[in-house]
1. Restricting attention to the stretch 15-38, which residues are within 13 Å of the chain's Cα centre (by Cα) and part of a strand (DSSP E or B)?
2. Working only within the stretch 1-39, note down all residues that are out of contact with any strand residue (DSSP E or B) (no Cβ under 8 Å at 6 or more places or on another chain), free of Cβ contacts under 8 Å to residues at least 24 places away in the same chain, surrounded by 13 or more Cβ atoms within 10 Å (Cβ to Cβ) and under 17 Å from residue 64 (Cβ atoms).
3. If you take the residues of the stretch 142-159 that are in contact with a strand residue (DSSP E or B) (Cβ under 8 Å, 6 or more places away or on another chain) and surrounded by fewer than 16 Cβ atoms within 10 Å (Cβ to Cβ), which of them is farthest from residue 50 (Cα to Cα)?
4. Can you give me the number of residues within the stretch 40-56 that are in a strand (DSSP E or B) and either on the phi < 0 side of the Ramachandran plot or exposed (fewer than 12 other Cβ atoms within 10 Å of the Cβ) (or both)?
5. Residues that are touching a helix residue (DSSP H, G or I) at 6+ places or on another chain (Cβ under 9 Å), modelled with pLDDT under 90, surrounded by 15 or more Cβ atoms within 10 Å (Cβ to Cβ) and within 26 Å of residue 22 (Cβ to Cβ): does the stretch 114-133 have at least one?
6. I'm trying to understand the selection: among the residues of the stretch 40-56, which are within 13 Å of the chain's Cα centre (by Cα) and touching a residue at least 40 places away in the same chain (Cβ under 8 Å)?
7. Is one or more of the residues making up the stretch 83-106 crowded, with 18+ Cβ neighbours inside 10 Å, within 28 Å of residue 16 (Cα to Cα) and out of contact with any helix residue (DSSP H, G or I) (no Cβ under 8 Å at 6 or more places or on another chain)?
8. Can you tell me which condition residue 4 does not meet? The list is (1) out of contact with any helix residue (DSSP H, G or I) (no Cβ under 7 Å at 6 or more places or on another chain); (2) modelled with pLDDT of 85 or more; (3) not in a loop (DSSP other than H, G, I, E, B), and all the others hold.
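The values are calculated or read from the model by the stated rules, or taken from the named source; none is laboratory data. Keep in mind the model is a prediction, meaning the values are calculated, not measured. Here the Cβ positions follow ideal geometry from the backbone for every residue, glycine too, while neighbour counts run over all protein chains shown.
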């Protein structure tokens with residue numbers, strides 16, 4: 001069906017609505033935040049190292065899939081890129097009901113954890129500013145490349161730029 005006709009015939013309750021004429025694969029992602037309840041685009045999965053903040057993997061997903069289903073694929077790609085096995089994963093509450101069985105997955109706001117794991121979960125909060133820097137400094141919030149391949153290329157370039165900035169920041173301490 002032609003994009004214009006589908007745009008005119010769609011209803012508020014319809015699935016797979018068109019939000020943009022020049023990027024028809026864009027989807028609406030509910031964020032649940034008061035200042036910005038919705039974002040439009042594709043979902044990006046970011047895997048960072050726990051201590052240094054180096055991006056091991058950045059995957060893009062069309063539509064609005066459930067986060068728990070994306071964790072296995074993101075972990076697999078990060079293990080290939082990092083050339084090491086991931087033993088512990090720190091995630092937010094959106095990943096409850098994940099399907100990872102070969103690593104320890106710590107979900108934010110889990111009750112009854114020992115103090116050492118609670119400390120590890122506090123490291124998860126350090127990831128949020130890095131994501132904010134990627135959205136603002138790395139322009140991850142706005143992709144000017146067309147299509148799903150453009151989204152993947154853009155996410156990869158943002159990850160590489162973030163890693164370069166992190167490495168240069170560490171090198172500045174020595175010089």
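1. Hit for the stretch 15-38 is 29, nothing else.
2. Those that are out of contact with any strand residue (DSSP E or B) (no Cβ under 8 Å at 6 or more places or on another chain), free of Cβ contacts under 8 Å to residues at least 24 places away in the same chain, surrounded by 13 or more Cβ atoms within 10 Å (Cβ to Cβ) and under 17 Å from residue 64 (Cβ atoms): 10, 18, 24.
3. Ranking the candidates gives 148 first.
4. Adding up the residues that qualify gives 9.
5. Looking through the stretch 114-133, none of the residues is touching a helix residue (DSSP H, G or I) at 6+ places or on another chain (Cβ under 9 Å), modelled with pLDDT under 90, surrounded by 15 or more Cβ atoms within 10 Å (Cβ to Cβ) and within 26 Å of residue 22 (Cβ to Cβ).
6. Residues satisfying the conditions are 41, 42, 44, 46, 48, 55.
7. Looking for residues that are crowded, with 18+ Cβ neighbours inside 10 Å, within 28 Å of residue 16 (Cα to Cα) and out of contact with any helix residue (DSSP H, G or I) (no Cβ under 8 Å at 6 or more places or on another chain), one finds none in the stretch 83-106, hence no.
8. (2)
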